[in-house]
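Since the structure comes first, as structure tokens, the remarks are kept for the end.
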Amino acid sequence: MAWQDVIESEAVEPRKSPLESARFGYSVERLAVSAESDSSLSAVREAVVRSAADVIVLRYPAEYIGWYAQLTTPGRTAIFADSLVYWRLRAGAGRAPEASPELRAAELTGSTAIEDLVSDIFLAYGNHYLANPLFDAADAIAGYQEWALRSAAEGGCLALLDKRAAGTEPPVLALATLEEDAARTEILLAGVVSEHQGRGLYAHLLKAVEDRTLARGAGEVVISTQGHNTRVQRAWARYGFEPVRTMLTVHLVRSALLPGQAR
């Protein structure tokens, strides 16, 4: 869920998600209630009733605690799918590690390499799709691969490379996929390759993103993760990121599609 949807969007209208629909074999729509909107629960419920999608992925600010119990509408079941926590760093204020002569950052474009890296880094990541019994975990990781490939096609896939390795293609140690605009860099995915974890490389990856942000004149870096992923949030706090917003994720599923329900 993009930063603009979380903070700035005012519309409360389901948006079709053709990539997710094709991937999972069910029609999927996204519905976001931003932190700055004045949207009411009744407006959200009306939008849900109007939707013909099999699954609506709804996100709304966590302070609307009472909403969940009232989200079920006729013919739909609400499935809680964790929370999404957003953090922000003022570019230039990061507590970066000392530069290492063994590392360098570079854009990555090879599709096969990116797919393999994303699979390795994020295979065990418990994303919101796993709460939904209609969705397969393998299809969920394929979505991350698609996401990373789109970033690469737009020049937003940053890799941390080992300069010591012999040959023309040094191995990738860590990967970050980015969405950039004039004001900020949003880190969509970021992680260290499994065999190189535990070496403090994640902080160097964050530094590479911060340096790139400063170089193009943007003012901040933002990032998000599932609420249960406290390990990476500790890493962000050590680097200098600050928590900004928590959004709850609920899948509103047509009840007849769920196992054990009458069709």
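Quick one: if the Förster radius is 30 Å, what FRET efficiency do ALA124 and GLU13 give, using the C-beta to C-beta distance and rounding to 0.05?
On the way: r = 34 Å, r/R0 = 1.15.
About 0.30, to the nearest 0.05.
Which is farthest toward the positive dipole end of the range 67-168 among ALA137, TRP147, SER83, measuring Cα position about the Cα centre, with Cβ charges +1 (Lys, Arg) and -1 (Asp, Glu)?
SER83
Considering only TYR239, ILE65, LEU173, whose Cα is most displaced toward the positive end of the charge dipole of the chain, charges sitting on Cβ of Lys, Arg (+1) and Asp, Glu (-1)?
Comparing the listed Cα positions along the dipole, ILE65 ranks first.
Using 0.36 nm per residue, how much length does the chain from GLU98 to THR246 gain when fully extended, once their Cα-Cα distance is taken away?
Computed gain between GLU98 and THR246 is 50.1 nm.
Using per-residue counts of other Cβ atoms within 10 Å, averaged over each peptide, order 38-48, 171-181 from highest down.
Details: 38-48: 15.4, 171-181: 21.0.
So the peptides 38-48, 171-181, ranked by packing, come out 171-181, 38-48.
Please report the projected area of the range 89-243's Cα convex hull averaged over all directions, in nm². Could the numbers behind the result be given before it?
Details: hull surface 37.5 nm².
Mean projected area for the range 89-243: 9.4 nm², to one decimal.
Hey, got the dipole for the chain? About the Cα centre, +1 on K and R Cβ, -1 on D and E Cβ, debye to the nearest 20?
Numbers: 26 positive and 33 negative charges, 98 e Å.
Rounded to the nearest 20 debye, it is 460 debye.
Within the set of other residues whose C-beta is less than 10 Å from the C-beta of ALA159, count the net charge using Lys and Arg as +1 and Asp and Glu as -1.
Values: positive: ARG104; negative: GLU107.
Every neighbour counted, the sum reads 0.
Among residues other than TRP87 whose Cβ falls under 15 Å from its Cβ, what is the net charge (Lys/Arg +1, Asp/Glu -1)?
Values: positive: ARG88, ARG90, ARG95, ARG184, ARG231, ARG234, ARG238, ARG245; negative: GLU186, GLU210, GLU220, GLU242.
After counting each charged neighbour, the total is +4.
Distance between Cα centroids, the range 189-263 to the range 105-156: provide it in whole Å.
The range 189-263 and the range 105-156 have Cα centres separated by 13 Å.
Considering only the other residues whose Cβ falls under 10 Å of the Cβ of GLY110, what net charge follows from Lys and Arg at +1 and Asp and Glu at -1?
Values: positive: none; negative: GLU115, ASP116, GLU169.
Value of the local net charge: -3.
Bear in mind these aren't lab numbers, they're just calculated from the coordinates by the rules spelled out. Bear in mind that the values here come from a model prediction, so they are computed numbers and not experimental data. Cβ atoms come from the backbone with ideal geometry, glycine included; neighbour counts cover every protein chain shown.
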